[in-house]
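Just below is one structure, and these are the notes that go with it.
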Amino acid sequence: MTAVQSPRIAHRPLGVFTRPQGSEGWRSWLFTVDHKRIGIMYGAAALFFFIVGGVEALFIRLQLATPNGSVIGAGTYNGVFTIHGVTMVFLVVMPMAAAFANYLLPLQVGARDVAFPRLNAFSFWCFLAGGVLLTSSMFIGGWFQNVPDGGWFNYAPNSGVLFSPSKGIDFYAVGLQITGIASLVSAINLIATVLNMRTKGMSLFRMPVLTWMLLITQFLLLFAIPVITVALFLLMFDRLWDSNFFNVAAGADPLLWQHLFWIFGHPEVYILILPAFGIVSEIIPTFSRKPIFGYHFMVASGIAIGFMGWGVWAHHMFTSGMGPLSVAAFSVSTMFIAVPTGVKILNWLATMYRGRLRFTTPMLYAVGVVSMFTIGGLSGVTHAIAPSDTQQTDTYYIVAHFHYVIFGGALLGLFGGFYFWWPKAFGYKLNEAWGKASFWVMLIGFNFTFGPMHILGLQGMSRRIPTYRADEGFAFWNMVASIGAFVIAIGVAMFLWNVYASTRKWRRAGRPDVGPDPWDARGLEWMTASPTPEHNFDSDIEVQKLDEFWHRKYGRDETGRVVRAAPTSQIAHDGSNTSVHLPSPSYWPIVLSAGILLVGYGLIFNLWLAAAGVALLVGAIYGWSLEPPDDPDAAGHHGDHAGELPAADEAEGRAGSPLELEEAQSVD
Amino acid sequence: MSSRVKKLAWLSSLLVVSGSAALIAVAIVVDKNHPLSTLSPVGRQGREIAELINPIFIVAGVVFFLVQGAVLALWLRYRVSGSDTGDGEYGYYEDEEFPEQVHGNNRLEIAWTLVPTALLAVISVFTLIALFALDDVEASDEDLVVTVVGQQWWWEYQYHLDGDTTTPPDFVTANELVIPVGVDIPLDIKSRDVIHSFWIPKLNGKKDAVPGRSHDWVIQSEQTGRFRGQCTEFCGLSHGYMKMVAVVLTAEEFAEWRDNQMTPAEMPQGGTAAASGREIFAQQCASCHVVNGITSPADRGGEGTEPDGWDVYGEFNGADAGVYLDIDTLVAGAAPNLTHLMTRSTFAGSIFDLYLGAGEHLGYLDLPASGTLNRGELEAWIYNAPERKPADADNFRGMPSRTGLSPKDIDDLVAFLSTLD
């Protein structure tokens, strides 16, 4: 929320500084500051980039399907695998997690919006600017002529102008700085939201596991993004203005880049996976009809991962020559990070134990994560054994490992999240039959693609090679993997068809109401109408327990049996309160992001363009700070704040400090 | 779904799972025809790594089956049959009994925190022991140390027979690292440009070649033979085509090979095709390629008259060539030393066979006699190398094309190269 304003003062200093109005039509999406719309836009953009990155992956698999492949040349291949990695990490999994964070965090803590709604809009548009810049590298100046070609890890000195003379790595250095700004701004915003905007009684240990995992993710982003930004900044100066941070001839040590990259890069792995862990922790209890097993241990293991994730980065560098003592230290620290992850797996299994399991589509995805992530975790432990890592690193064994973690863990979890929260966001469920079918097709394709890569890696197939000799014995499993990749593509196409067909069916049926709580779920987000009304909740919710909503629905009778206490229709808000004061939309987040995009292209191509971008950027900052805090004519603004969440001064005095630690309550 | 359909689904998924497990097992056990495999090591270090990791693979396999088995068992045991779709108004099981609402069990949590921790602690002890053991070099009669220099996109080997890497090497060769059997050979791994990684999977793990740094590594083979390798740190355009071979000879064969390598090439007799080939070589090739006894440092723009080509590898334009050369100096001397080209079985970063039909032939000095020269590939390479292996020759990365040469010129060049045995 913006700061509390007095509505009686009409701010109209200049015409241009009025705020946009209306909540219908495409314009309202461009200027929205509603965390739910921003979340949906994050999701849509991530799905778009997922298709782009998926097509890139298919080209990789086409090229490697047979020995001496000639589908694409070596130079193009290097570009394709680089942009595939960059796209999937920075433009797919991270924003897809941001979609859930934006949509769900305020709802799960019972807030009206995020702490800084305009900044939230800026995060999205800035991310999109970075995504557009990175993706445009594929066709600017010719097809794949200026695409980054140094791998997503982009080791120095191969990333220097000397060895990569195209503009590709400039796109990488600038584009990732822009998406980094988006991540940083978003992290600060969401941390402030969770820490300061929880509803009454929502102490930290009454927050859902998903809220916790997303909060930890934001802290990881907050500390990891500056590190990669420093590295990218130095790289940019090396490439654009001939500085010597990574120039070995001038005395640089190329390991500097590796350390900086992986100090970011390893926490990044947990940035990718923790949101999915959170999603799984919401889905499994719902469809097991049991609370999450070991809530405190689930939270604590997430925090442990958050801390330990900072002490393992150099396991990416066991062969880099950093010396046996460092290798030993990072080998051991890496091994033990398996412990908190194992705790999570076992708690999920314990949640399912003696539950009443319903394998809906979201549940299939969640259990898929448990099963597939275990494989990635186990192969991860084998990398921690530093001597054996000298055989495995930079082979397809690693490719197999991190696809089991990021696809089998993060992406499956996020897709499960799509199915689970789709009715909350759009008011109708995706079709279950299509959902289940697409899950199985995706899962089978996934295992046929990445399972064989374990074998290929152990048989000595290196990563990032555009082809291999026929007599190296890699042909069979590569063919299997390539077929598997197309099966995944079919599964994804089925998901997209499901979205289309379910939407059409719902519209033709006259948009029936799915109800606030179609899955009989537990979090506060289900306690309001679907799709979520713009103002989230009709009135403040006072939370007394973990899984507050579930506890309002169910109680125990005299015999100790769990029985329904009240119908959901009586508990859930119907969204009818139209008198809630909401932050008005704003022109400036998207304008500011456009300025940043111009600066980005300007740095790469022409500094005059950058100057224009800076002018736009500065103008946008002025516009941002000078625009009236509110539009007195906006809908929903009735001069009264009935039902509004506590204002800042009241919030401080609410029951319980934000850091209050409270035991989770059991039903009794 | 009817129960029969469900049974069929289970049966088929079980079939798929067990079938793929069997396939994987077969693939791992039958490890023939995988020249780069880490699963059948023949080097001491490779074997020690395998002995460390194989039991851990088994432990991981047990955990894998326990977890997947638990998922499957929970699924089968606690799955509620009937509609999963839940289209009721407020959820779909209004009147259903709830399972017991268990919130956790601290003892269980502590147990499954401590048990994996203990297991991993045991594993890390074995890991550390192996880690430091692998760092040691076993003493041997050989003083040999090989400086391995990676560059885009081939490997150079500088043999220091006295083990002193600060003095000029006794001889220099490329792509094929020849070592005697059964002896730990220390390697001193460097790079001239970007980061590469030296890896002969059957002998030992990999070690990065980092410009500006010198990394110790050791390699050993318990069998004679030819063992392939691949650069495994992404090093730019032709990374995938940067391969190498370790050739392991008996002590006698190695001595013979070594003595031959130390002999400079002989000037071809005047009037022969080889003699005119040498002249073309001097004009077209000698600015980068060294042939001891035939090319001179002056060919490469360097000064001095030392015929052994060392100046290129020691001081060149004031830079330590083993450390890093910028692009202007990279061109000089940064191409394989061809003095004994014909004793190698591969060329162009070990991506092409130099002989057809030579197979895994080990009588190394007899190679020219035992196979047929792969003349077509060699001529194609000389004529237009960038077409055969991606390169950025305009920027001195990779071998430039020589499309100006006539067929006769190329025949003469090949005739000259054929004398380099």
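Read-outs throughout are calculated quantities, based only on the coordinates presented, and are distinct from any laboratory measurement. Remember, it's a predicted structure, so these values are computed and weren't measured experimentally. Here the Cβ is made from the backbone with ideal geometry for all residues, glycine too, and neighbour counts use every protein chain on show.
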### Task
Set the Förster radius R0 to 30 Å, insert the Cβ-Cβ distance between A:LEU607 and B:ASN395 as r into 1/(1 + (r/R0)^6), and round the FRET efficiency to 0.05.
0.75
### Task
Just name one of A:TYR601, A:GLY25, A:TRP143: the one whose Cα is farthest towards the positive end of the charge dipole of the protein assembly as shown (beta-carbon charges, Lys/Arg +1, Asp/Glu -1).
A:GLY25
### Message
Compute the helix-to-body angle for A:607-626: its Cα long axis versus the longest principal axis of chain A, expressed 0 to 90° and rounded to tens.
### Response
20 degrees
### Query
Fewest to most neighbouring Cβ within 10 Å: what's the order for A:LEU255, B:LEU249?
A:LEU255, B:LEU249
### Task
Quote the charge dipole size of the protein assembly as shown about the Cα centre in Debye, to the nearest 20; the model charges only the Cβ of Lys and Arg (+1) and of Asp and Glu (-1).
4520 debye
#### Entry: Simple label model, 7 Å out from Cα along Cβ direction - B:ASN54 to B:THR250, nm
2.8 nm
### Message
If you take each beta carbon of peptide B:68-80 and count the beta carbons of other chains within 10 angstrom, what is the mean?
### Response
6
### Message
Sorting check: for A:290-296, B:373-379, which peptide has the highest mean count of neighbouring beta carbons within 10 Å, and how do the rest follow?
### Response
A:290-296, B:373-379
### Query
All other residues with a Cβ under 15 Å from the Cβ of A:ASN120 taken together, and with Lys, Arg as +1 and Asp, Glu as -1, what is their net charge?
+1
### Query
Under a point spin-label approximation (7 Å from Cα along Cα-to-Cβ), what is the A:ILE621-B:ASN384 distance to one decimal in nm?
5.5 nm
### Query
Taking only DSSP H segments of four or more residues, each worth -39500 (n - 2.57), what value at 222 nm results for chain A once the sum is divided by all its residues, to the nearest 500 deg cm²/dmol?
-20000 deg cm²/dmol
## Note on the structure
Surrounding charge for A:ARG522, neighbours by C-beta under 15 angstrom, Lys/Arg +1, Asp/Glu -1, total +4
## Note on the structure
Along the stretch A:264-278, Karplus-curve 3J(HN,Hα) (6.51, -1.76, 1.60; θ = phi - 60°) to the nearest Hz, with x for Gly and Pro, reads 6, x, 7, x, 4, 4, 6, 4, 6, 9, 4, x, 5, 4, x
### Query
Order of A:386-392, A:356-362 by packing, highest average Cβ count within 10 Å first?
A:386-392, A:356-362
### Task
Sort out for me the Cα centre separation of the stretch B:98-172 from the stretch A:42-117, rounded to whole Å.
33 Å
### Message
Compute the angle between helix A:117-136 and the longest alpha-carbon principal axis of chain A, please, reported from 0 to 90 degrees and rounded to the nearest 10.
### Response
20 degrees
### Summary
Shielding of A:453-460 by other chains, given as the mean Cβ count within 10 Å, works out to 6
### Message
Using each residue's phi in the stretch A:429-437, evaluate 6.51 cos²θ - 1.76 cosθ + 1.60 at θ = phi - 60° and report the 3J(HN,Hα) Karplus result to the nearest Hz, with x for Gly and Pro.
### Response
8, 6, 4, 6, 4, 5, x, 5, 4
### Query
In what sequence do B:GLU96, A:GLU24 fall when counting other Cβ within 10 Å, fewest first?
A:GLU24, B:GLU96
### Task
Give the distance, in whole Å, between the Cα centre of the stretch A:176-253 and the Cα centre of the stretch A:323-374.
25 Å
### Summary
Taking B:TRP257, A:TRP519 and counting other beta carbon atoms within 10 angstrom, the fewest-first order is B:TRP257, A:TRP519
### Summary
Checking rank on A:614-624, B:150-160, A:322-332, with mean other Cβ inside 10 Å and highest first, the result is B:150-160, A:322-332, A:614-624
#### Entry: Angle between chain A longest axis and helix A:35-64 axis [Cα atoms, degrees, rounded to 10]
20 degrees
### Task
Using amide H atoms built 1.01 Å from N in the peptide plane, name the residues 5+ places from B:THR346, or on other chains, whose amide H lies under 5 Å from its own.
B:LEU354
### Query
Given just the C-alpha atoms of the protein assembly as shown, how large is their convex hull per residue in cubic angstrom?
167 Å³
### Query
What is the distance, in nm, between label points placed 7 Å from the Cα along the Cα-to-Cβ direction at A:ASP471 and at A:ILE444?
3.8 nm
